[in-house]
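Laboratory data are not the source of any read-out in this text; all were calculated from the coordinates shown. Not measured: the values here are computed from a predicted model. Note that each Cβ is placed from the backbone with ideal geometry, even for glycine, and that neighbours are counted across all protein chains shown.
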């Protein structure tokens, strides 16, 4: 292999690692919960949507990179994170930290300069909450880490809403709460499957501290609260029949998934496949729920 070919291969690998640091698959869902509220709140220009999308990606990507810097010690102990750029030795921790700070700084400037200050402040608040409250404090200290820390992932609807209206209304708060209450059943489905991984890393996830049965009970209650919460905006006119039907059907399927895991677990049967289905469906659930909001507003 020639020196030029090796250099090109090294550059491609570095580019791939930089993208991996931002966790693009996770951000794709965050962007849905950012952009959809923009069309629910009003009629944004495509230029504003593009700016918020790019700024949101940079902010979330920066937070994810800093997260990998802070979690570099436990990432090396977990099978699903061992191949990340830092534990694999492909990137230096200081470079990853600098990259994350650079992205978040660029996002703050972009949103403040081209959108509005409130949008930038909310996006930056989400960054700080994820990095310092969840990653640095809660994740390693309490099984409530996902419950409280889930607020970090609930900031995108506020960001999108503020980008269009310049304020945060009651409807935006409901969107925040929907994502907040969605997070525990979504993430605990994965935690049940990866509990041994978390155990090796010393992270006190719910199944390790509370036990599997108690975690499943908590998943059920959060799912019931989530479904009720998704219906509430209809009662004060924020959404109509199209959204109501979608929320009921989507929520019913999520509830069915959680109940199936509990039933199989109670029988002593294999429940891992049901947990995987629930985890994957919960991703689709949130995306489709926010799409239903946009469709409902368009129809009305």
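Pull out the extension gain between residue 210 and residue 167, defined as 0.36 nm times the separation in residues minus the alpha carbon to alpha carbon distance; nm, one decimal. Intermediate results must be reported in sequence, preceding the final value.
Working: separation 43, 0.36 × 43 = 15.48 nm, distance 3.96 nm.
So the chain would gain 11.5 nm between residue 210 and residue 167.
Over the range 12-167, what relative contact order in percent results from Cα pairs under 8 Å that are six or more residues apart?
Working: 213 pairs, mean separation 48.1, N = 156.
About 31 percent, as a whole number.
Return the inverse of the average 1/r over all pairs of distinct C-alpha atoms in the range 1-125, which is the Kirkwood hydrodynamic radius, in Å to one decimal.
Numbers: mean 1/r = 0.0632 Å⁻¹.
When all Cα pairs of the range 1-125 are included, the Kirkwood radius is 15.8 Å.
Sort 128-141, 181-194 by packing, meaning the average of other beta carbons within 10 Å per residue, with the highest value first. Display every interim value, and only then the final one.
Values: 128-141: 17.6, 181-194: 23.8.
The most tightly packed comes first, giving 181-194, 128-141.
Using Cα pairs closer than 8 Å and at least 6 residues apart in sequence, work out the relative contact order for the range 6-102, in percent. Please report the intermediate quantities before stating the final value.
On the way: 72 pairs, mean separation 28.9, N = 97.
Here the relative contact order equals 30 percent.
Determine, for 216, 255, 250, the number of other Cβ atoms within 10 Å of each Cβ, and report the residues in order from fewest to most.
Numbers: 216 26, 255 17, 250 20.
Result, fewest neighbours first: 255, 250, 216.
Take the Cβ-Cβ distance between residue 249 and residue 295 as r, set R0 to 22 Å, and report the resulting FRET efficiency rounded to the nearest 0.05. Could the numbers behind the result be given before it?
Values: r = 13 Å, r/R0 = 0.61.
Calculated value: 0.95.
Give the shape of the chain as rounded, prolate or oblate, defined through the alpha-carbon gyration tensor: a ≥ b ≥ c are the square roots of its eigenvalues, a/c under 1.5 means rounded, and otherwise the shape is prolate if a/b is larger than b/c and oblate if not.
It is oblate, given that a/c is not under 1.5 and a/b is not larger than b/c.
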